[in-house]
Amino acid sequence: MGKKARKEREEKRESFSAKRTAHKRSTSLKALGILAAIGVIAAYASYEFITMTGDVPGAPENAGKLGGEHIHASMLVRIFGDKFDFSLPSYQIKSSWVHFENQDGDTVHRHASGVELEFLFNSLKIGIDENCYTFPDGRAFCTNEEYSLKYFINHKQVDDIREYVVVEEDRILISYGNDDNSVIEQQLSELDSQIIQR
């Protein structure tokens, strides 16, 4: 009776061990399959992100491939002499295509070809046109009999900047007030002294 009981215990132990090994193997294979599926999905998503073009929803009109370029330009906005602060969190990286980043409010980063300045300002909820600069809260600073809105690109005055696509090392000044040429020259000098972050 002792031999028979011992043999039965050994068979149960072997059966239990075989079931446990099979269960571990099954669980490991399932986990490996899930990880492989996640890896495939992540690889596909990365590929799609890297190769996405301006045809994706929310992309700027006429934009090239996101990440296809990385251009830096300096911007200064002065309203009645006060500097508009793009370093605030509410103006940092509102679009992957063109933005301010790293708590720097002076350097515009453009990450695709064909992205116009209007897209940058729209992403910041700031309205601009040839006559007005409109804050996100609705306050508008428009050219009138007393004050004027002026745009400068690399020291050259232009009527409108909405369709402009910044190029490397550009310097852009937006000035509102009744400033004379000497004040504008001071603002342009300030703009030239701003460090363009890479």
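The values are calculated or read from the model by the stated rules, or taken from the named source; none is laboratory data. In this text, all values refer to a predicted model and were calculated from it rather than measured experimentally. Counting neighbours? That spans all protein chains shown, and the Cβs are built from the backbone with ideal geometry, glycine included. Heavy atoms of the whole protein, side chains included, go into the accessibility calculation; ligands, DNA and RNA do not. Shrake-Rupley method; radii C 1.70, N 1.55, O 1.52, S 1.80 Å.
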Within segment 53-105, can you find the residues that are touching a residue at least 60 places away in the same chain (Cβ under 8 Å), open to solvent by 70 Å² or more (accessible area, probe 1.4 Å) and within 16 Å of the chain's Cα centre (by Cα)? 102
Picking from 130, 118, which residue would you name as being open to solvent by 10 Å² or more (accessible area, probe 1.4 Å), part of a loop (DSSP other than H, G, I, E, B), closer than 16 Å to residue 173 by Cα and modelled with pLDDT of 95 or more? 130
Would you pick out the residues in segment 145-166 that are on the phi < 0 side of the Ramachandran plot and open to solvent by 70 Å² or more (accessible area, probe 1.4 Å)? 145, 146, 156, 157, 159, 163
Return only the number of the condition from (1) in a helix (DSSP H, G or I); (2) within 22 Å of residue 60 (Cα to Cα); (3) open to solvent by 40 Å² or more (accessible area, probe 1.4 Å) that residue 183 does not satisfy. (2)
